[in-house]
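Quick note: the coordinates plus some simple rules give every number you see, no bench work behind them. This is a predicted model, so every value here is computed, not measured. Quick reminder, even Gly has a Cβ in these numbers, built from the backbone with ideal geometry, and neighbours come from all protein chains shown.
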Amino acid sequence: MPECVGHKSNGASWKQKSTSSATLGAKKHAELSVMDELDAENPVLLIQDAFPCSECHATLLTKSAKKKIIVKVEKDEGKYSMDHAIALGGRLSLPVTIYYSGGVATYIQSVAPNPAVPVAFNGVPGFANLSYY
């Protein structure tokens, strides 16, 4: 069952704010349930055990027009990585961090503690030490 943990930032660090799980046939996937609870927050960090499906990915792209969203993917439950194969260049190395901003998703595959991040995310607290699984 895919799970997602949502965090909000106080400017210097992250605080866990919401969790959700998605069951087969759920009306709303875990990351969208968490996003609903964190709607007023900007930026938002989601740590989850699955890639966003194509529908959730499209919703996150739309929401990123007004807020910065970071999705740290630690596992490939549900095998939704196939929805992102082109962006990942056909190869998968976990964890993958997806940065959503301005309607664009940027993928970073790195286990380095401080990988280069998109410019729009300069000043956003690091999260390499945060893990849910």
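Sorting Glu74, Glu3 from the fewest to the most surrounding beta carbons within 10 angstrom yields Glu74, Glu3. Arranged from fewest to most other beta-carbon atoms within 10 Å of their beta carbon, Met35, Met82 become Met82, Met35.
Whole-percent P(r), segment 3-112, all Cα pairs, 10 Å bins from 0: 15, 51, 31, 3. Neighbour counts of C-beta atoms inside 10 Å place Thr106, Thr59 in the sequence Thr106, Thr59, starting with the fewest. Stretching Asn10 away from Ala128 to a fully extended chain increases their span by 40.8 nm, per 0.36 nm per residue minus the current alpha-carbon distance.
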